[in-house]
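J.: I'd like to ask you about the structure that follows.
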Amino acid sequence: RAFSQQNYQDVTDTLRDSDQDDMLTAALVSWAFVGQGKLDQAINAWEVYGGDGNRPFFNAYRGLLAEQNGEIKAALGYYAQAQKAGELHFVQDLTRRYITLLVRAGRKSDALKVHDEIFGEPKGLDPLEAQFRETITAGKPKPLVAMTPPNSVSSLMSNYASALILVRIFQANQEQNDPDSPKVAEPEEKPDADTLFVGDALVLRTALKIDPSNQSARFSLSEALGEIDEDKAAFEALSPIMTGERLNEARREKAVLHLSL
């Protein structure tokens, strides 16, 4: 709710004493500082929560924060680490920023190599992606757009959620296609896919509220909703009403999301 209202100070105040081992909290705190235009504090928060840099997507977002702070050499280093870890496949918006920075640094051949690794062979590209590759070949990609605090927050949120959605779809397909995968005797105590994707959808909807022009968030939201059994999720969100309980804020938001579809 605080993010939707762009009340970033409320976010940081609320999460000040949160668990430093939780990467979602790290993202929320960092995004809130970005929203306040306090990039140094955003970087510090991300590094504190990010630990040794080996947690998922630490380097990809550290690269973006460095870039936003004008630390181009550092940004290139973090993006390179993210590429080495195989994370750029999941955050293609950030990949395009990395490629543009490589060209600006006089490393056109490296930029083309990264592009083809992430997006595939030139002959198989869609027209827009092929056009972007042509600008790299010419050494003249469009300048990176200076991001306002709301744009930055929205972009960070949508990239994060998009990455999680792709990882979950990949893992679900892997389990489904692997007949030899061990079957768990007892069901694990973890949220089902609907619950996870609803959470992703809420993050993406918030990103759209902050920046309605965020096409990446709009596309990823449609992907997340495609993974949800909407009737089931709506009924589960509203189930406390059947027992006379009150809906808490998070559950009410989930119900609103589904009922609005």
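The values are calculated or read from the model by the stated rules, or taken from the named source; none is laboratory data. Remember, predicted model here, so these are calculated numbers, not experimental data. As a convention, Cβ positions derive from the backbone with ideal geometry for all residues, glycine included, and neighbour counts pool all protein chains shown. Note: areas computed on protein heavy atoms with side chains; ligands, DNA, RNA excluded. Shrake-Rupley method; radii C 1.70, N 1.55, O 1.52, S 1.80 Å.
J.: Suppose we keep just the alpha-carbon trace of the stretch 34-105; what are its Rg and Dmax in angstrom?
T.: Just the Cα atoms of the stretch 34-105 yield Rg and Dmax of 11.5, 31 Å.
J.: Further, regarding this structure: How compact is the stretch 107-156 by the rule of thumb for globular proteins, expressed as Cα Rg over 2.2 N^0.38 Å? Intermediate values should be presented prior to the final figure.
T.: Numbers: Rg = 13.1 Å, N = 50, 2.2 N^0.38 = 9.7 Å.
Compactness ratio reported: 1.35.
J.: Probe radius 1.4 Å, ligands and nucleic acids left out: which of Glu121, Glu71 has the largest accessible area, and how do the rest follow?
T.: Numbers: Glu121 125, Glu71 70 Å².
Result, largest first: Glu121, Glu71.
J.: Another question, then. Suppose each label sits 7 Å from its Cα in the direction of the beta carbon; what would the Thr135-Asn177 distance come out to in nanometres?
T.: Distance between the two pseudo-spin positions: 3.3 nm.
J.: What Kirkwood hydrodynamic radius, in Å, does the stretch 21-154 give when the mean of 1/r is taken over all pairs of distinct Cα atoms and then inverted?
T.: On the way: mean 1/r = 0.0654 Å⁻¹.
It works out to 15.3 Å.
J.: Another question, then. How large, in percent, is the carbon and sulfur part of the accessible surface of the stretch 25-100 at a probe radius of 1.4 Å? Before the final figure, lay out each step's value.
T.: Values: 1390 of 2860 Å².
Roughly 48 percent, rounded to a whole number.
J.: While we're on this one: With the full set of protein chains in place, find how many percent of the accessible area of the stretch 101-168 is carbon and sulfur; take the probe as 1.4 Å. Intermediate values should be presented prior to the final figure.
T.: On the way: 2080 of 3630 Å².
After summing per-atom areas, the C and S share lands at 57 percent.
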